[in-house]
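J.: One structure coming up, written as structure tokens, with questions to follow.
The values are calculated or read from the model by the stated rules, or taken from the named source; none is laboratory data. Keep in mind it's a predicted model, so treat the numbers as computed, not measured. So basically every Cβ, Gly included, is an ideal-geometry build from the backbone, and we count neighbours across all protein chains shown. Surface accessibility is based on the protein's heavy atoms, side chains included, excluding ligands, DNA and RNA. Shrake-Rupley method; radii C 1.70, N 1.55, O 1.52, S 1.80 Å.
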Amino acid sequence: MVFNTRVTRILGIKYPIFQGGMAWASNPELVAAVSNAGGLGILGAGGLNGRELSIQIERVRQLTSRPFGVNLYYLNPNIEEQKRVVLEYAPPVVTVGAGNPGKDIPLFKEKGIKVIPVVATVDFGRRMEKLGADMLIAEGYEAGGHVGEITTMALVPQLVDRVSIPVVAAGGIADGRGFVAALALGAEGVQMGTRFLASEECHIHQKYKEAILKAKDRSTIVTGHPSGIRVRVIKNQLARKFVELVERGASVEELETLGMGALRKAVLLGDVNMGSLMAGQISGLINEIKPAAKIIEEIIAEAGEVILKLNDTIVREEDNG
Ligand SMILES: Cc1cc2nc3c(=O)[nH]c(=O)nc-3n(C[C@H](O)[C@H](O)[C@H](O)COP(=O)(O)O)c2cc1C
């Protein structure tokens, strides 16, 4: 089965399934496995310097000849050197996390790179469309990592109605049901982060993966300063410390200092107490580590079944007596 949307046609991929770029967590082996399986694997540049990023791009190119992406996080201190590397290597796609890529969009496009900002509001999505974005990733409050305030369910249809470029839904999707629901809302693809953390190729520490498998529906919490960066993580000692500090009126700087290096601690050291276990609300649905290709295959197969089942629920009035 093939899903044919503007996203698959513009990017030349088989399935409209992105593996979201994740700082420290989306390693070249995961990215290539997703792209080889017909989706779009995306490297997370956050945390890397220019040289490290170029090595990772070269590694992906050794492992796949299919389209892939690089996620730039515009609040990163290394953003200028990361941008230079991206312009030099010209990966097929750049997705842009927190921050405004505004003036850089034409520079990427001149190199033939498709530019896909991640947006959490309709207004920001419309601004990105005007500045030349090729498509948008609408990321809801359910997602793992940095989040806005609007849920995927509410954001996607509102954004789709106000822009004419394709929209990819992110946040709270991990199976064929979520995939079909996103398409029903008007999205032309999905991006998943948490589901791919629990994949064989993802290099995050085993203890981090186990925390996702153990998680239930209420296991995550959004931490951070009300007016600063807000991050969805699995509840642990670090998350409780964040909550305590916010209650005590801590400053944005104090909270950001506490969060510094915490994702790295979780990914590389498996520190499940003081590491930042970024993961989405959908963690509770994930209970098995699988190869990335199997995750994609199962989603596509289940999506087909869901659509057939939905079709069966439509009863024409004349058939209903
Ligand atoms: C561990 C982790 C790290 C992430 N890092 C980034 C990042 O560096 N840049 C970005 O744009 N999004 C980042 N995200 C968001 C993902 O790319 C994706 O949009 C999100 O995980 C989708 O929601 P889901 O977790 O419910 O699937 C991260 C998510 C996780 C779980």
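Conditions tested, residue by residue: (1) open to solvent by 20 Å² or more (accessible area, probe 1.4 Å); (2) within 17 Å of Ile10 (Cβ to Cβ); (3) among the small types (Gly, Ala, Ser).
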{"site": "Ala90", "(1), (2), (3)": "yes, yes, yes"}
{"site": "Lys111", "(1), (2), (3)": "yes, yes, no"}
{"site": "Ile116", "(1), (2), (3)": "no, yes, no"}
{"site": "Ala133", "(1), (2), (3)": "no, yes, yes"}
{"site": "Val160", "(1), (2), (3)": "yes, yes, no"}
{"site": "Ala181", "(1), (2), (3)": "yes, no, yes"}
{"site": "Ala184", "(1), (2), (3)": "yes, no, yes"}
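J.: Continuing with this model, one more query. Tell me which residues, restricted to segment 5-46, are surrounded by fewer than 22 Cβ atoms within 10 Å (Cβ to Cβ) and within 16 Å of the chain's Cα centre (by Cα).
T.: Ala23, Trp24, Asn27, listed by residue number.
J.: Please go through segment 204-227 and pick out each residue that is surrounded by 15 or more Cβ atoms within 10 Å (Cβ to Cβ) and part of a loop (DSSP other than H, G, I, E, B).
T.: Ile204, His205, Ala215, Ser219, Gly224, His225
J.: Taking segment 47-70 only, how many residues are open to solvent by 40 Å² or more (accessible area, probe 1.4 Å) and among the hydroxyl-bearing types (Ser, Thr, Tyr)?
T.: So in segment 47-70, the residues open to solvent by 40 Å² or more (accessible area, probe 1.4 Å) come out as 49, 51-52, 55-56, 58-59, 61-63, 65-66.
Subsequent filtering for residues that are among the hydroxyl-bearing types (Ser, Thr, Tyr) retains 65.
Adding up the residues that qualify gives 1.
J.: Test Ala250 against the criterion of being assigned by TED's automatic domain parsing to the domain that holds Tyr15 and either out of contact with any Asp or Glu (no Cβ under 6 Å at 6 or more places or on another chain) or in a loop (DSSP other than H, G, I, E, B) (or both), and give yes or no. Let's see the steps before the verdict.
T.: On the way: assigned by TED's automatic domain parsing to the domain that holds Tyr15: no; either out of contact with any Asp or Glu (no Cβ under 6 Å at 6 or more places or on another chain) or in a loop (DSSP other than H, G, I, E, B) (or both): yes.
Taking the combined requirement at face value, the residue does not satisfy it.
J.: Considering segment 267-295 alone, what residues qualify as being in contact with a Phe, Trp or Tyr (Cβ under 8 Å, 6 or more places away or on another chain) and open to solvent by less than 10 Å² (accessible area, probe 1.4 Å)? If you could, list the steps in order and put the result at the bottom.
T.: So in segment 267-295, the residues in contact with a Phe, Trp or Tyr (Cβ under 8 Å, 6 or more places away or on another chain) come out as 267-268, 270, 272, 275, 277, 292, 295.
Scanning segment 267-295 gives Val267, Gly270, Gly275, Leu277, Ala292, Ile295.
J.: What number of residues within segment 92-109 satisfy the criterion of being surrounded by fewer than 22 Cβ atoms within 10 Å (Cβ to Cβ) and out of contact with any Gly (no Cβ under 8 Å at 6 or more places or on another chain)?
T.: Residues of segment 92-109 surrounded by fewer than 22 Cβ atoms within 10 Å (Cβ to Cβ): 92, 98-100, 102-107, 109.
Within this subset, residues satisfying the condition of being out of contact with any Gly (no Cβ under 8 Å at 6 or more places or on another chain) are 98-100, 102-104, 107.
The qualifying residues number 7.
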